[in-house]
Every structure is written in C-alpha cells, then in structure tokens.
1. Suppose R0 equals 22 Å; then what is the FRET efficiency for residue 85 and residue 12 from their Cβ-Cβ distance, rounded to the nearest 0.05?
2. Using the 10 angstrom Cβ neighbour count as an exposure proxy, how do 22, 44 rank, fewest first?
3. So what are the ³J(HN,Hα) numbers for segment 24-40, from phi and the Karplus equation (6.51, -1.76, 1.60; θ = phi - 60°), rounded to whole Hz, Gly and Pro as x?
4. Tell me the label-point distance for the pair residue 51, residue 66, using the 7 Å Cα-to-Cβ offset, in nm and rounded to one decimal.
5. Whole-Hz Karplus ³J(HN,Hα) for segment 43-48, in order, using 6.51 cos²θ - 1.76 cosθ + 1.60 and θ = phi - 60°, x for Gly and Pro?
Amino acid sequence: MPNIVTLAEAKLFIRVLDDDEDTTIETMIAAATDAVCDVAQAWDGTGEPPARLKLAILSRVAIMFDTRNSLEPGIGEDRLLLPLRTVEL
C-alpha cells in the first residue's frame, strides 16, 4: 500500500512541532493506514487517494496520539470509509 499520509501531514494535523515522537507517529500512521484500508477496500491504491481516506487515517492517528490507551475508531470514521468498502455476498 502506498503512503497515503506523510509524517509531516500527520504532525501538522496533531499539532506536533518537535521530532521526539516521530517513530511513534510513524508507527501510528502505519497502523491507522492498515486499519482504514481494511475497511476501504474499494480504493485499489492507485492514483490520488480519496480525501475521505486521508482524513480517516489522520483522525485515527490523532485519536491514537491523544488517547494512547485506546484503539477505538474515530467518531464518524465509518461515514468516511463506508462508501469505499467492498461488500462480498
């Protein structure tokens, strides 16, 4: 899966100015990307990622950063991702 959100974008979103937690934030980006892409299977990873996909990843990173003891998805995240979900019957 290509990089959907960069470290710089995530740090800007969560308002982190220093580099002390870069490794942790990069891990959060990777985990959030995996979790979001598990739901949003309709995007094949080519071309520009949908804005809703980027926002879902950034939101999940922000929640992980702010509440490091919780892995719950963001409020409203499902509304961003469900249009990109593939349902197999």
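Please treat every number below as a calculation from the coordinates, not as lab data. A quick note: this is a predicted structure, and the numbers were derived from the prediction, not measured. A quick note on method: Cβ atoms are made from the backbone with ideal geometry, for glycine too, and the neighbour counts reach across all protein chains shown.
1. Values: r = 28 Å, r/R0 = 1.25.
According to the calculation, E is roughly 0.20.
2. Details: 22 13, 44 6.
Ordered from fewest to most neighbouring Cβ atoms within 10 Å, 22, 44 come out as 44, 22.
3. The phi angles translate into 5, 5, 4, 5, 5, 4, 4, 5, 5, 4, 4, 5, 5, 6, 4, 8, 8 Hz.
4. So the label points at residue 51 and residue 66 sit 2.1 nm apart.
5. Taking θ as phi minus 60°, the curve returns 8, 8, x, 9, x, 5 Hz for segment 43-48.
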